[in-house]
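Here is the structure we will look at.
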Amino acid sequence: MEKNNTANKQAMCEVLIEAAKLDPSLLVLTSDSRGSASLGAFGQELPEQLVEVGIAEQNIVSIAAGLAHMGKHPFVASPACFLSMRSIEQIKVDVAYSNKNVKLVGISGGVSYGALGMSHHSLQDIAVTRAIPNLQVLQPADRFETVRMFQALVDSELPAYIRLGRNPVQDCYEGLNYTFEIGKAVTMVEGKDVTFIATGETVRQAMDAAGLLKVQGIEAEVLNVHSLKPFDTLAVLQSAKKTGYVITVEEHSLYNGLGAAVAEALSEETGIKQKIVAFPDEALITGSGPELFRYYGLDGKSLTKTASEFIGG
């Protein structure tokens with residue numbers, strides 16, 4: 001497979017440029033994050049539609065809510081570690097409670113910032129945002145899903161938090177010739193022995209693990225949950241009942257993320273075994289994103305071993 005050099009945030013920028021050319025009310029707000037959000041091209045082509053607020057994450061959310069109240073269509077792009085923590089009251093009250101059409105894009109989510117350490121890791125953002133009424137919580141798997149997701153978001157009037165990674169990830173889809181719907185999970189690989197339920201950049205890892213397991217005679221199913229909220233309970237239940245074994249994989253704390261959402265969905269089912277693969281409840285070691293995936297067992301090779309032991313034990 002040819003290596004992908006386009007980060008999801010670059011795919012987002014391309015969609016927003018095309019949408020903003022057609023809609024002068026579409027604005028992009030950044031918190032001294034134009035470069036890190038890959039929005040330089042947007043600023044060059046549409047300088048009047050890009051608002052640089054500076055390092056003021058709480059203010060940027062309130063400003064966006066005010067712009068939405070005045071009929072604008074704001075997209076906020078800010079590092080996930082700060083946007084989801086420092087701005088949480090403004091997200092809860094100004095955006096979600098007021099039900100304003102604001103799209104909050106947490107860039108460089110999870111452990112994307114790698115060696116910058118715990119201060120820049122965002123391993124609690126899904127837990128916090130999922131608990132806020134009226135707020136959609138989304139995470140695309142690759143550049144193609146990012147395009148489809150942001151096209152849908154441009155047409156939506158609902159508030160949302162979207163987490164994007166920092167670096168290019170290997171493609172999960174072969175192109176844009178597929179149907180995307182917010183709230184609907186996607187079966188990436190069919191299987192009958194065990195189900196990987198993944199979100200964001202862990203979808204590719206789960207697909208890699210499924211390929212390695214196939215060599216061992218184990219048919220793994222991979223379910224891509226790009227919508228943490230609204231959550232596709234039906235798809236989760238159907239796959240879980242089919243295989244009887246569920247492994248959730250997420251670039252997040254093991255608490256209150258995808259694993260918890262799946263456990264909630266399976267709570268009334270019997271006979272289904274679940275294992276949560278996520279980052280532990282501790283300050284992580286220092287390293288790059290891929291190094292942290294390997295160290296904590298979220299990479300494809302580690303997931304292969306986890307699945308083999310899980311269904312074999």
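Comparison of Ala265, Ala278 shows that the only residue that is small (Gly, Ala, Ser), surrounded by 15 or more Cβ atoms within 10 Å (Cβ to Cβ), within 21 Å of the chain's Cα centre (by Cα) and assigned to a strand (DSSP E or B) is Ala278. Scanning segment 36-68 for residues that are of a type in the set (D, E, K, R) and without any contact (Cβ under 8 Å) to a residue 12 or more places away in the chain yields a single hit, Glu48. Within the set Ser156, Ser239, Ser227, the sole residue that is outside the structural domain of Ser112 (by the TED database), in contact with a strand residue (DSSP E or B) (Cβ under 9 Å, 6 or more places away or on another chain) and closer than 26 Å to Val102 by Cα turns out to be Ser227. Here Lys3 meets the list (1) at pLDDT 95 or above; (2) of a type in the set (D, E, K, R); (3) in contact with a Pro (Cβ under 9 Å, 6 or more places away or on another chain) almost entirely, failing just condition (1).
With respect to Ile88, determine if the residue is at pLDDT 95 or above and closer than 11 Å to Tyr161 by Cβ. Spelling it out, Ile88 is indeed at pLDDT 95 or above and closer than 11 Å to Tyr161 by Cβ. Number of residues in segment 83-106 that are in a helix (DSSP H, G or I), closer than 29 Å to Gly117 by Cβ and more than 16 Å from the chain's Cα centre (by Cα) equals 6. Applying the criterion of at least 1 residues that are in contact with a strand residue (DSSP E or B) (Cβ under 7 Å, 6 or more places away or on another chain) and charged (D, E, K, R) to the helices (runs of 4 or more DSSP H) found wholly in segment 1-80 leaves 8-22, 57-69. If only residues of segment 130-149 that are of a type in the set (S, T, N, Q) and in contact with a helix residue (DSSP H, G or I) (Cβ under 7 Å, 6 or more places away or on another chain) are counted, the one that is nearest to Lys92 (Cα to Cα) is Asn134.
Here Ser302 meets the list (1) over 19 Å from the mean Cα position of the chain (by Cα); (2) of a type outside the set (D, E, K, R); (3) farther than 19 Å from Glu201 by Cβ almost entirely, failing just condition (3).
Out of all the residues in segment 279-299, which are over 15 Å from Gly117 (Cβ atoms) and touching a residue at least 40 places away in the same chain (Cβ under 8 Å)? Answer for segment 279-299, where residues must be over 15 Å from Gly117 (Cβ atoms) and touching a residue at least 40 places away in the same chain (Cβ under 8 Å): Phe293, Leu298, Asp299.
Return yes when Ile182 is in contact with a strand residue (DSSP E or B) (Cβ under 6 Å, 6 or more places away or on another chain) and under 24 Å from His73 (Cα atoms) and no when it is not. Against the criterion (in contact with a strand residue (DSSP E or B) (Cβ under 6 Å, 6 or more places away or on another chain) and under 24 Å from His73 (Cα atoms)), Ile182 qualifies. A residue that is within 17 Å of Thr306 (Cα to Cα), of a type outside the set (D, E, K, R) and in a helix (DSSP H, G or I) occurs nowhere in segment 218-239.
Output the residue which, of all residues in segment 34-65 that are closer than 19 Å to Val95 by Cβ and either in contact with a Phe, Trp or Tyr (Cβ under 9 Å, 6 or more places away or on another chain) or exposed (fewer than 15 other Cβ atoms within 10 Å of the Cβ) (or both), is modelled with the lowest pLDDT. Checked segment 34-65; the qualifying residue modelled with the lowest pLDDT is Glu57. Within segment 230-247, residues that are on the phi > 0 side of the Ramachandran plot have Cβ atoms under 7 Å from residues that are β-branched (Val, Ile, Thr) and surrounded by 14 or more Cβ atoms within 10 Å (Cβ to Cβ) in these pairs: Gly244/Ile272, counting only partners at least 6 apart in sequence or on another chain.
Okay, residues lined up against (1) of a type in the set (D, E, K, R); (2) closer than 18 Å to Glu250 by Cα:
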site: Ile55; (1), (2): no, no
site: His69; (1), (2): no, no
site: Ser78; (1), (2): no, no
site: Lys103; (1), (2): yes, no
site: Gly114; (1), (2): no, yes
site: Ala131; (1), (2): no, yes
site: Ala141; (1), (2): no, yes
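Looking at segment 284-305, can you tell me whether even one residue there is more than 24 Å from Gln124 (Cα to Cα) and not in a helix (DSSP H, G or I)? Within segment 284-305, none of the residues are more than 24 Å from Gln124 (Cα to Cα) and not in a helix (DSSP H, G or I).
The values are calculated or read from the model by the stated rules, or taken from the named source; none is laboratory data. What you are looking at is a predicted structure, and each value in this text was computed from that prediction instead of being measured. All Cβ positions, even for glycine, are placed from backbone atoms using ideal geometry, and neighbour counts span all protein chains on display.
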